[in-house]
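Quick notes on the structure that follows.
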Amino acid sequence: MDRNQRRLAKKQAPKAVAAGIDPSELNEFIVAELARQIHGHLGRDKQSFSVEATMEYLFAKIDLTVKAMADIPIACGRGCSHCCNIWVSATAPEVLFLAKRLSSQAAIRVSEAHEITKVFSHEQRPYHPHPCPLLDADECSVYQGRPLFCRLASSADAEICRRSYTNITDENIPTPMMYIIGRDAYSTALPVALKGAGLPHICYELNSALHIALNTPDAEKAWLSGADIFAAALTQKDAVPFEESPGHTMLYEMVFK
Ligand code: SF4
């Protein structure tokens, strides 16, 4: 992009974000604008001690993006839950948002699942598939509140998912490129916004983080007040740290410096 194109792209970014980002038209100004808007919501959530506004905003945008990709053929559909047997990553506000929506029965299932999955690292977990405790008859029981990575999961071949996610093979999941680009954009913007807000910005394994959220008094208020309540949750040790990720650091500098 030359200077004029960059100026135009920057000017058009808020409109692109408002519509839910289009992965086929993505540029760094759009992802930076997304991070800026998430950061704005986080600032207000810190005042109200509730993650609702940030998560409602983020998930509405992701849903717009997914809706606009409806013409991309994928094998995913109601009752298909092969991908719900592996390690699920989620940031703290996603976990807190979800924890508030769980029934007491679901909370018990989370604790039971956590007892089984807590001994497996991210590297080990593919060899020890276990159903997400939020699955109910092969459907997500918290569909409207499911995490970012669940919202943007997709595959062109359910049979490959079945084989791979149940540890029969180690085939790569044929995820359409537009879903990968969309997932990367949202999963980059969110931690950048969290870091900008002075909040922990790493991803946690869902069962362990939900277990903590469900067993910490006033978890949401404590976390938004600066307590690192998820410090003991499982994390992906093989993930590239924020500070060593060119995508994250470049975006952080665009938004906050
Ligand atoms: S939260 Fe829902 S979509 Fe995500 S792994 Fe669990 S059951 Fe599946």
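Nothing in this text is a laboratory measurement; each read-out follows from the coordinates by a stated rule. Since the model is a prediction, treat every value here as computed from it, not as a measurement. Methodologically, a virtual Cβ is constructed for each residue, glycine included, from the backbone with ideal geometry; neighbour enumeration extends over all protein chains shown.
When the convex hull of its Cα atoms is viewed from all sides, the chain shows a mean projected area of 13.8 nm². Legend: ranking of residues 141, 104 from fewest to most surrounding C-beta atoms inside 10 Å; resulting order 104, 141. Over all projection directions, the Cα-based convex hull of region 38-119 averages an area of 7.5 nm². Computed on the chain, with alpha-carbon pairs under 8 angstrom and 6+ residues apart, the relative contact order is 27 percent. Among the chymotrypsin sites (Phe, Trp or Tyr not before Pro) within region 1-87, those in coil by DSSP and having at most 14 neighbouring Cβ atoms inside 10 Å are 49. Judged by the ratio a/c of the largest to the smallest principal axis of the C-alpha gyration tensor, region 60-187 counts as oblate, that ratio being 1.5 or greater while a/b is no larger than b/c. For GluC sites (Glu not before Pro), the sites in region 74-135 that DSSP calls loop and that have at most 11 other Cβ atoms within 10 Å are 123. Spatial offset of region 50-117 relative to region 192-231 amounts to 16 Å, using the alpha carbon center of each. Count Lys and Arg as plus one, Asp and Glu as minus one, and take only other residues whose Cβ is under 15 Å from that of residue 137; the net charge is then -1. Which log10 I(q)/I(0) values, to two decimals, does region 5-59 give at q = 0.14, 0.17, 0.32 Å⁻¹ under the Debye formula with one point per Cα? Debye output, listed in q order: -0.40, -0.55, -1.22.
For region 105-157, the set of trypsin sites (Lys or Arg not before Pro) satisfying both a DSSP loop assignment and a count of at most 13 other C-beta atoms within 10 Å is given as 118. Entry note, the chain: the mean residue ellipticity at 222 nm calculated from DSSP H runs of n ≥ 4, each adding -39500 (n - 2.57), is -16500 deg cm²/dmol after division by the residues and rounding to the nearest 500. For the chain, the list of Cys residues with no other Cys C-beta under 4.7 Å reads 76, 80, 83, 140, 150, 161, 203. Oblate is the label for region 92-162, because a/c, from the alpha-carbon gyration tensor with a ≥ b ≥ c as root eigenvalues, is 1.5 or above and a/b does not exceed b/c. For the chain, the membrane-span-like helix rule (DSSP H, alpha carbon extent of at least 27 Å along the helix axis, mean Kyte-Doolittle at least 0.0) picks out 177-196; this says nothing about an actual membrane.
May I ask you to derive the relative contact order of region 96-187, considering only C-alpha pairs under 8 Å and at least 6 residues apart, and to give it as an integer percent? 26 percent.
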